[in-house]
Amino acid sequence: KWDLATNMMADVTTSNLVGILAAHNYGTTASAVTNFGTPCPKTLWETEHYLGTDNSITNGLALAQEIHSFLTVAQVNAYHYWWLFANDNGGIVGSNSAAPAKRLFVMGNYSKFIRPNFYRVGVTNNTTALVSAYKDSGSTNFVIVAANPSAYPVNQTFQFTNFPAGTRLAPWATTATNSLADLGVVNV
């Protein structure tokens with residue numbers, strides 16, 4: 001809910017003091033934030049959520065769906081999970097640091113590669129995969145994050161428009177058996 005932020009942004013004096021609009025995500029799904037104009041004139045953060053105690057890839061994929069939706073639909077600039085470590089397995093790590101929860105590695109597929117000064121670029125996708133792409137504003141580097149939330153394999157083709165020519169990509173994967181695994185450089 002944006003009640004407090006709506007009141008604050010409606011006041012010229014206080015709106016000039018606001019740097020970040022932030023909200024928790026409990027009981028809602030990601031949606032475009034249009035309360036303050038389109039595009040939103042302030043940085044948006046999703047500041048807290050908790051997806052339960054399941055440490056499996058199923059929970060990790062639910063987190064991938066949520067992160068993807070907040071980045072692409074709500075267009076947030078940051079996604080924050082509630083706990084790093086929790087005795088009841090609800091943290092990013094889970095309760096066993098020797099066998100971390102898959103949500104840790106799923107978040108890593110975003111946070112390890114989408115770095116400061118990256119911006120999201122448009123993607124057209126005709127599969128069930130969750131695909132988003134990001135470009136470094138200071139170099140030719142880019143990142144594609146793709147997650148398959150279905151129980152079936154997906155063949156995903158990537159076609160680039162207005163990107164610098166490249167000959168090698170470095171895929172990484174988090175699956176039921178891989179945890180942010182480096183799959184080695186592939187030639188393209």
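The values are calculated or read from the model by the stated rules, or taken from the named source; none is laboratory data. Here the structure is a predicted model, which means the values were calculated and not measured. Here the Cβ is made from the backbone with ideal geometry for all residues, glycine too, and neighbour counts use every protein chain on show. To get the accessible areas, we keep the full protein, side chains included, count just its heavy atoms, and leave off ligands, DNA and RNA. Shrake-Rupley method; radii C 1.70, N 1.55, O 1.52, S 1.80 Å.
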Note to self: At 1.4 Å probe radius, can you tell me the per residue accessible area of the chain in Å²?
What the structure shows: 60 Å²
Note to self: Expected output is a single nm value to one decimal: the length gained when fully extending between ASN141 and VAL186, i.e. 0.36 nm times separation in residues minus the C-alpha distance. What is it?
What the structure shows: 14.6 nm
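Calculated FRET efficiency, ASN96 and ALA173, Cβ-Cβ r, R0 35 Å, to nearest 0.05?
Numbers: r = 22 Å, r/R0 = 0.62.
E between ASN96 and ALA173, to the nearest 0.05, is 0.95.
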Notebook entry, point to check: Of ALA101, ALA170, ALA74, which is the most mobile in a GNM of the chain whose springs link Cα atoms less than 10 angstrom apart?
Noted result: ALA170
Notebook entry, point to check: What is the sum of charges around PRO116, taking Lys and Arg as +1, Asp and Glu as -1, for the other residues whose C-beta is under 14 Å from the C-beta of PRO116?
Noted result: +3
Notebook entry, point to check: Among residues other than ALA173 whose Cβ falls under 14 Å from its Cβ, what is the net charge (Lys/Arg +1, Asp/Glu -1)?
Noted result: +1
Note to self: Which of LYS42, LYS112, LYS135 ends up with the largest GNM mean-square fluctuation for the chain, with Cα atoms connected below 10 Å?
What the structure shows: LYS112
Next item on the list: Would you work out what percent of the accessible area of the chain, with all protein chains in place, is carbon or sulfur (probe 1.4 Å)?
Entry: 54 percent
Note to self: Can you tell me the length gained on complete extension of the stretch SER150 to MET8, counting 0.36 nm per residue apart and subtracting the Cα distance?
What the structure shows: 47.0 nm
Item checked: the chain: most fluctuating residue of GLY122, GLY60, GLY94 per GNM, C-alpha cutoff 10 Å -> GLY122
Notebook entry, point to check: What is the local net charge at ASN96, summed over the other residues whose Cβ is closer than 15 Å to its Cβ (Lys, Arg +1; Asp, Glu -1)?
Noted result: 0
